[in-house]
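Visitor: Can you keep this structure in mind? I'll have questions shortly.
Rule-based calculations on the coordinates, nothing more; no lab input. Everything numeric here is computed off the predicted structure, so don't read it as measured data. Here the Cβ positions follow ideal geometry from the backbone for every residue, glycine too, while neighbour counts run over all protein chains shown.
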Amino acid sequence: MSSPSEGIKNDTEWIAVSDSPLPVSEALAWASLDSCGGVVTFCGTVRDHSRGRPEVRSLTYEAYVEQVVPKLSEVARAARVTWPMIGRLALLHRVGTLEVGDVAVVVVASTPHRAEAFDVARFCIDTLKHTIPIWKLETWDDGAEWVRCDQEAEGHASDDAAAAQMVAGLLCDAPRPLAQHPDSIRATVGDPAP
């Protein structure tokens, strides 16, 4: 990632929060191993509507980086408990303002066989959506609204996500987005303090 990012990258896990476009191709190449015949890449992109609201123009993500990176690491650990055969796992999330079509989140999972790679990727994105303290400002023609990303995930959970919520320590009660606290320091990566 070309601009400042917070995270961890080692031989088995790549976990990061960044204000730069996410390196999808690089993550896929990194996760590919000779021992893994299944590599699944999931990219969550900004769409042009939300909960029945047409004409969404952009999303601005804010994250409590000090909480997000450790929580993403917990998601990765929970996945490895269930699927110890995971080769490599990337969990990358973007912050800042994104336009329709931009990639907001990337999950890449490699395992010896395809079924497990699909299961791991689904578990990780569903768990991430339900547990990571990330807020987004949805902007449309007539206004804008802050929402916590997990509010959108309700009602769309897979069985894996429901099970993931029971993993101790993953659920969080994040405070309001920083932009709603004018006296606070912004935690989006790369933003200067006021």
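Visitor: Give the long-range amide H neighbours of S50: residues separated by 5 or more places, or on another chain, with amide H under 5 Å away, using H modelled in the peptide plane at 1.01 Å from N.
Guide: The answer is V56.
Visitor: In terms of Cα to Cα distance under 23 Å, which lysines are near enough to K9, apart from those fewer than 8 places away along the same chain?
Guide: Once the sequence-local lysines are set aside, what remains near K9 is K71, K129.
Visitor: Moving on to the next point. Could you give me the ³J(HN,Hα) list for the range 38-44, computed from phi with Karplus coefficients 6.51, -1.76, 1.60 and θ = phi - 60°, whole Hz, x at Gly and Pro?
Guide: With coefficients 6.51, -1.76 and 1.60, one gets x, 10, 10, 10, 10, 10, x Hz.
Visitor: What does the charge dipole of the range 8-171 about its Cα centre add up to, to the nearest 20 debye, if the Cβ of each Lys and Arg holds +1 and the Cβ of each Asp and Glu holds -1?
Guide: 340
Visitor: Residue by residue through the range 89-98, which ³J(HN,Hα) values in whole Hz follow from phi under the Karplus form 6.51 cos²θ - 1.76 cosθ + 1.60 (θ = phi - 60°), with glycine and proline marked x?
Guide: Those phi angles translate into 9, 10, 10, 10, 10, 9, 10, x, 8, 10 Hz.
Visitor: Over all distinct alpha-carbon pairs, what is the Kirkwood Rh of the range 1-138 in angstrom?
Guide: Computed over Cα pairs of the range 1-138, the Kirkwood hydrodynamic radius comes out at 15.1 Å.
Visitor: Can you list the residues, at least 5 places off or on another chain, whose amide H is less than 5 Å from the amide H of D102, using H built in the peptide plane?
Guide: V46
Visitor: Can you sort T45, T127, T111 from fewest to most other Cβ atoms within 10 Å of each residue's own Cβ?
Guide: T45, T111, T127
Visitor: If you place +1 on the Cβ of every Lys and Arg, -1 on the Cβ of every Asp and Glu, and leave all else neutral, what size is the dipole of the range 1-89 about its Cα centre, to the nearest 20 Debye?
Guide: Here the size comes out at about 320 debye.
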